[in-house]
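**Student:** Take a look at the following structure, please.
Since every read-out is calculated from the coordinates, none of them should be taken as a lab result. Bear in mind the structure is a predicted one, so any value in this text is a computation, not a measurement. Cβ sites come from the backbone with ideal geometry, for glycine too, and all protein chains shown count toward neighbours.
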Amino acid sequence: GPKQQSLFTYFGPR
Amino acid sequence: MLEARLPSAVTLKKIIDAVKELVQDANFDCNDSGIALQAMDSSHVALVALLMRAEGFDPYRCDRNIALGINFATLAKVMKCAGNDDNLTIKAGEDADVLSLMFESTNSDRISEFDIKLMDVDADHLGIPETDYSATIKMPSAEFQRICRDLSVMSETVTIEAVKDAVKFIASGDTGSGSITVKPNQAVDKKDMEVTVTLQEPVKLAFSLKYLNHFAKASTLAGSVTLSLSDDVPLMI
């Protein structure tokens, strides 16, 4: 199945 | 210093049970408006965001902002020592190196006190923008938990497809496939049993069931769950 992407792919650090 | 009392320990027990398998160590960020947590799992795939508002405690006192670094496995073990109906008081002093927990039975004949050592936790806080989602699904949380569990027999992945009048959960694996379709039912007596699908445009996205099963552990906290989906944006539950 597809691998879940790291959240850093979508959201930058605050 | 922080001092906060919950009328029933079960609230924190449920929260910790829902979080402990995703998050090993994280900070409780305490200020005068409440206790917040933002933490990712170790692979940075899932984010837990939690806010316990000061109004939920009585009394609640936090003189200045403090970050309490918590090991959730330890806190989970300690919370198992609390009765569901016990009063719970948590305390941390200035420059504290422990979080103190006191459980008091309803007739005050049993008082348990535990101190948990605090840790230094490096927090990766994410900047998450406001998102208008293509599809928002509201359903009973127990139903969502059951769908995730049932489809896990077929695959490690679920595809969630939201169309105008239904949401379909599809799992396909080496030994076969399965799907569960849930339809809106707005004419129900109990608000928690309501199913609604709010759609800007149809979406079809795949997710790891491992993480959804972890998220579903929070179903003891609320009767209903909302799933928000858009292409190229993480699922928000």
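**Student:** I'm checking my understanding of the structure. Among residues of the stretch B:28-81 that are charged (D, E, K, R) and under 18 Å from B:Met119 (Cα atoms), which one is surrounded by the fewest Cβ atoms within 10 Å (Cβ to Cβ)?
**Tutor:** Among those residues, the one meeting the criterion is B:Lys77.
**Student:** Here's something else I'd like to know. Working only within the stretch B:14-27, note down all residues that are crowded, with 20+ Cβ neighbours inside 10 Å, more than 14 Å from chain A (Cβ to nearest Cβ) and either more than 11 Å from the chain's Cα centre (by Cα) or aromatic (Phe, Trp, Tyr) (or both).
**Tutor:** Within the stretch B:14-27, B:Ala26 is the sole residue that qualifies.
**Student:** Is the stretch B:207-221 home to any residue that is under 30 Å from B:Ala4 (Cβ atoms), out of contact with any strand residue (DSSP E or B) (no Cβ under 8 Å at 6 or more places or on another chain), loosely packed, with under 12 Cβ neighbours inside 10 Å and within 14 Å of another protein chain (Cβ to nearest Cβ)?
**Tutor:** Looking for residues that are under 30 Å from B:Ala4 (Cβ atoms), out of contact with any strand residue (DSSP E or B) (no Cβ under 8 Å at 6 or more places or on another chain), loosely packed, with under 12 Cβ neighbours inside 10 Å and within 14 Å of another protein chain (Cβ to nearest Cβ), one finds none in the stretch B:207-221, hence no.
**Student:** Right, another one. Can you tell me which residues in the stretch B:150-172 are of a type outside the set (Ser, Thr, Tyr) and closer than 16 Å to B:Ser208 by Cα? Walk me through it before giving the result.
**Tutor:** At the first step, the residues of the stretch B:150-172 found to be of a type outside the set (Ser, Thr, Tyr) are B:150-151, B:153-154, B:156, B:158, B:160-171.
Across the stretch B:150-172, the qualifying residues are B:Asp150, B:Leu151, B:Val153, B:Met154, B:Glu156, B:Val158, B:Ile160, B:Glu161, B:Lys168, B:Phe169, B:Ile170, B:Ala171.
**Student:** Can you name the residue in the stretch B:85-114 that is surrounded by 14 or more Cβ atoms within 10 Å (Cβ to Cβ) and free of Cβ contacts under 8 Å to residues at least 24 places away in the same chain and is also farthest from the other protein chains (Cβ to nearest Cβ) among such residues? Give the steps one after another, and end with the answer.
**Tutor:** Of all residues in the stretch B:85-114, those surrounded by 14 or more Cβ atoms within 10 Å (Cβ to Cβ) come to B:86-92, B:96, B:98-105, B:112, B:114.
Filter once more, so that each one left must be free of Cβ contacts under 8 Å to residues at least 24 places away in the same chain: B:98, B:100-102, B:104-105.
Working: B:Val98: 28, B:Ser100: 30, B:Leu101: 29, B:Met102: 34, B:Glu104: 38, B:Ser105: 41 Å.
Taking the candidates together, the pick is B:Ser105.
Listed here are the residues, each with its yes/no results for (1) over 21 Å from B:Phe215 (Cβ atoms); (2) part of a strand (DSSP E or B); (3) in contact with a helix residue (DSSP H, G or I) (Cβ under 7 Å, 6 or more places away or on another chain).
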| residue | (1), (2), (3) |
| --- | --- |
| B:Asp150 | no, no, no |
| B:Met154 | no, no, no |
| B:Ile160 | no, yes, no |
| B:Val167 | no, yes, no |
| B:Gly178 | no, yes, yes |
| B:Pro184 | yes, no, no |
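**Student:** Separate question: Can you find, within the stretch B:39-91, the residue that is nearest to A:Gln4 (Cα to Cα) among those that are among the polar types (S, T, N, Q) and touching an Asp or Glu at 6+ places or on another chain (Cβ under 6 Å)?
**Tutor:** Among them, the one singled out is B:Asn71.
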